[in-house]
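Shown next, in structure tokens, is the structure this report addresses.
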Amino acid sequence: MLELIEAWLHRPNFIAFVILFLWGFYIMVTHHNFVKKLIGMYIVQTSVIFFLVAISAKTGATVPILLSGTVPVHAETYANPLPHVLTLTAIVVQVATLGVSLALVAAIYRKYGSLDEDEILKRLE
Amino acid sequence: MTFSFEVPLLILLILTAAGAILVKDLVPAVFILGSYSFFLALVWACLGAVDVAFVEAVVGAGLATVFFLLTLFRTAQKDTRLYPSSYRGAALIGLPLLGFLILYAANDLPKFGDPASPASVHVSPVYLENSLHDTRTPNVVTSVLMDYRALDTLIETVVIFTAGIACALLLGRSRE
């Protein structure tokens, strides 16, 4: 158990990821308001991207922009660029899904006049 | 320690994520969410992911906030419900369990900032060492995104196009 706690303390990024992920998930499950559910979804998405970016970091490494073309490149001196590329795509797709879901929320509000889950279910019956 | 800059930012991140929900009024909640995105961009800049930080600052803190505000100006701006949902008990039992399972696996993850971690040894050095010769672009992220993986980026624009069409269809029908 003690070594597990030590492993957590060496990874503050991982602890922040777990807290943000669970917090976003909790919001999505418990809140009735659709906009708040979407805020929770946004927090979950960004926390997963945060986890991927934290994997790409290397101690003592700089940003993955090559300094000079003449010397041979040492891969240890630059951060891993592949998670960055993956997450760039993921961020844009995340905002696209957010836009579609917000448009859906606006359409629901126009039809039912409420953003509250239970009220809409009542009106559906 | 390498975390000296990062830990205050992480605490601010968690505080803003909490504040975005605990506020009753939805417009301030969205602005707090925008500041959450901004702190996230700062953390990523600390971790060396400058391209991701730029995109998060522009798309996450800028565009997502604008989307939320546009929706709120068309709809209700207050969270009318004050008492909690009936799923709350299940969530309070299940989610800490899930969290403990995730944290239990923490010891098996590679050390933070380890240059020999599995993600950084197999194929990523090949891109770092050859991209300047192959693509004549000093920024490796750009050369992977726009050159080696250009087809992926093309399909990504198809996804954004589809999302744009879906938004236009959903919002346009109501004006009749």
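The values are calculated or read from the model by the stated rules, or taken from the named source; none is laboratory data. Owing to the predicted nature of the structure, the values given are computational and were not obtained by experimental measurement. Cβ: placed from backbone, ideal geometry, glycine included. Neighbour counts: every protein chain shown. Each accessible area value is taken on the protein alone, full model and side chains, heavy atoms only, with ligands, DNA and RNA left out. Shrake-Rupley method; radii C 1.70, N 1.55, O 1.52, S 1.80 Å.
Structure above, values below:
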| quantity | calculated |
| --- | --- |
| Shape parameters for segment B:1-58, alpha-carbon atoms, Rg then Dmax in Å | 12.3, 40 |
| Neighbouring partner chain Cβ atoms per residue of A:116-125, average, 10 Å criterion | 1 |
| Accessible surface of chain B, 1.4 Å probe, proportion on carbon and sulfur as whole % | 71 |
| Euclidean distance between Cα centres, segment A:18-82 to segment B:101-176, Å | 11 |
| Cα-based equivalent ellipsoid of chain A: semi-axis lengths in Å, sorted from largest, via gyration tensor | 40, 21, 7 |
| For the protein assembly as shown, size of Cβ-based charge dipole, Lys and Arg +1, Asp and Glu -1, in debye | 1040 |
| Stokes-Einstein D for segment B:36-175, Kirkwood Rh over Cα pairs, 25 °C, 0.890 mPa s (µm²/s) | 122 |
| Cross-link partners of A:LYS111 among lysines (Cα-Cα below 17 Å; sequence separation of 8 or more within a chain) | A:LYS122 |
| Partner chain coverage, peptide B:27-36 - average Cβ within 10 angstrom | 2 |
| In order through segment B:53-67: 3J(HN,Hα) via Karplus (6.51 cos²θ - 1.76 cosθ + 1.60), integer Hz, x for Gly, Pro | 5, 4, 5, 5, 5, 7, 7, x, 6, x, 5, 5, 4, 5, 4 |
| Where Rh is the Kirkwood radius over Cα pairs, Rg/Rh for segment A:1-75 | 1.20 |
| Packing rank of B:51-60, B:17-26, where each peptide gets the mean count of other beta carbons within 10 Å, highest leading | B:51-60, B:17-26 |
| For peptides B:141-148, B:129-136, B:40-47, sequence by mean Cβ density within 10 Å, most packed first | B:40-47, B:141-148, B:129-136 |
| Positive-end residue, the protein assembly as shown charge dipole about Cα centroid, Cβ charges, pick of B:PRO118, B:THR137, A:ALA96 | A:ALA96 |
| Average partner coverage of B:130-139, which counts Cβ from other chains inside 10 Å | 3 |
| Extent along principal axes [Cα atoms of segment B:111-176; Å; largest to smallest] | 59, 33, 16 |
| Percent breakdown of C-alpha pair distances by 20 Å bin, ordered from the shortest bin, for the protein assembly as shown | 31, 54, 15, 0 |
| Probe 1.4 Å, protein heavy atoms only - accessible area per residue of the protein assembly as shown in square angstrom | 51 |
| Nearest 10 degrees, 0 to 90: helix B:150-172 Cα axis against chain B principal axis | 10 |
| Along each principal axis, Cα extent of segment B:57-133, largest first, Å | 57, 36, 15 |
| Buried accessible area, chains B and A (both chains, 1.4 Å probe, Å² to nearest 100) | 7900 |
| Accessible area in the full protein assembly, largest first, 1.4 Å probe, for B:TYR104, B:TYR127, A:TYR109 | B:TYR104, A:TYR109, B:TYR127 |
| Positions from segment A:44-67 whose accessible area shrinks by 40 Å² or more when the full protein complex is built, not the chain alone, probe 1.4 Å | A:THR46, A:PHE50, A:VAL53, A:ILE55, A:ALA57, A:LYS58, A:THR59, A:VAL63, A:PRO64, A:ILE65, A:LEU66 |
| Calculated diffusion of segment B:1-109, Stokes-Einstein form, Kirkwood radius summed over Cα pairs, 4 °C and 1.567 mPa s, µm²/s | 80 |
| Mean ellipticity per residue at 222 nm, deg cm²/dmol - from DSSP H runs of n ≥ 4 across the protein assembly as shown, formula -39500 (n - 2.57) | -22000 deg cm²/dmol |
